[in-house]
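Okay, structure first, notes after.
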Amino acid sequence: MNQNNTTIKFENVTKVYHLGGIDIPVLRGVSCEIKKGEHVAIMGPSGSGKTTMLNIIGCLDRVTSGKYFLEGKDISTLDDDALSEIRSRKIGFIFQSYNLIPQLTVLENIEMPLFYQQVDEAKTREKAIELAQMVGLGDRIRHRPSELSGGQQQRVAIARALMNDPVLILADEPTGNLDSVSGREIMKLLCQLNQQGTTLIVVTHDPNVAKYSSRTLKMLDGKISNED
Ligand SMILES: Nc1ncnc2c1ncn2[C@@H]1O[C@H](COP(=O)(O)OP(=O)(O)OP(=O)(O)O)[C@@H](O)[C@H]1O
Ligand SMILES: [Mg+2]
């Protein structure tokens with residue numbers, strides 16, 4: 001197996017949350033591989049562990065046991081600083097509820113990922129404007145999120161996710177709050193990024209969203225139940 005070609009590898013990953021002295025097993029031994037440039041959908045009932053799995057992939061959370069390799073590197077044991085460094089260099093997140101900052105303009109929201117990094121202000125601005133144009137919002141950069149439609153807000157979130165040139169885009173129900181037309185536009189945009197080489201993982205309940213992917217992992221009770 002060519003390790004360089006594998007972006008994500010889970011080996012018997014478990015995740016147990018502890019709440020009020022009670023153990024809640026959420027992932028119960030997940031093993032899978034996702035290759036560089038793939039577009040994978042994750043489906044499964046509510047509570048089956050999809051978001052938990054995505055959060056671990058995105059270095060927002062850690063495995064309880066088992067191993068997680070990202071680009072061949074074992075990151076199961078890294079500390080918070082190392083994980084956040086990986087997040088800011090490699091990963092773009094897109095959420096169902098957009099997670100934009102209401103007080104900031106479209107342009108300022110897009111610039112956020114570079115806000116705390118030592119990047120030249122003018123270059124940051126130039127890149128944010130380019131990305132705003134790329135997602136079709138070049139004429140909306142001074143607007144606030146509340147002045148945009150849901151589909152437009154999600155396009156801002158996609159532009160923001162691209163600010164750090166991620167190798168991996170993780171989207172958790174990216175079309176969950178959108179009508180079907182806006183949902184299709186968002187999926188087309190994500191597929192376009194995938195075709196340019198970015199690995200794309202989309203959690204969804206919607207078979208119409210999953211069908212854009214080349215592979216679907218189905219989760220059930222904290223395990224991958226099957227794949228097609
Ligand atoms: N921080 C946490 N502490 C305790 N339990 C948690 C935590 N996060 C998730 N869980 C539990 O883990 C299980 C899986 O949650 P997860 O969010 O991964 O499901 P999901 O498949 O994404 O569901 P949905 O489709 O509803 O978004 C749920 O039973 C949930 O209550
Ligand atoms: Mg979820």
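The range 66-117 and the range 185-228 have Cα centres spaced 20 Å apart.
Stretched out fully, how many nm does the piece from Ala122 to Leu220 gain, at 0.36 nm a residue minus the Cα gap? Write out the running numbers ahead of the final one.
Working: separation 98, 0.36 × 98 = 35.28 nm, distance 4.75 nm.
Computed gain between Ala122 and Leu220 is 30.5 nm.
The mean sequence separation of alpha-carbon pairs under 8 Å and at least six residues apart, normalised by the residue count of the chain, gives a relative contact order of 29 percent. The mean of 1/r over all distinct Cα pairs in the chain, once inverted, gives the Kirkwood hydrodynamic radius of 18.2 Å. Over the range 94-181, the Kirkwood radius and the radius of gyration, each from Cα atoms, give a ratio Rg/Rh of 0.95. Result for the chain in a Gaussian network model with C-alpha springs under 10 Å: among Gly21, Gly72, Gly151, the largest mean-square fluctuation is at Gly21. With Rh defined as the Kirkwood radius, the inverse of the mean 1/r over Cα pairs, the Rg/Rh of the range 37-79 is 0.99.
Rounded if a/c is under 1.5, else prolate if a/b beats b/c, else oblate: with a ≥ b ≥ c from the C-alpha gyration tensor eigenvalues square-rooted, which is the range 130-173? It comes out oblate by the Cα gyration axes.
Label-to-label distance for Ser46 and Leu60 is 1.8 nm, based on points extended 7 Å past Cα in the beta-carbon direction. Counting every alpha-carbon pair across the range 24-143, the share separated by more than 21 Å comes to 53%.
For Asp81 and Gln196, the difference between the fully extended length at 0.36 nm per residue and the C-alpha to C-alpha distance is 38.4 nm.
Against the empirical 2.2 N^0.38 Å (N residues), the range 91-131 has a Cα radius of gyration ratio of 1.19. With coordinates expressed along the principal axes, the C-alpha atoms belonging to the range 1-88 extend over 42, 31, 22 Å, beginning with the largest.
Taken together, the values in this text are just the output of simple stated rules run on the coordinates, not laboratory data. Since we're looking at a predicted model, the values are computed, not measured. Heads up, the Cβs are rebuilt from the backbone with ideal geometry, glycines too, and the neighbour counts pull from every protein chain shown.
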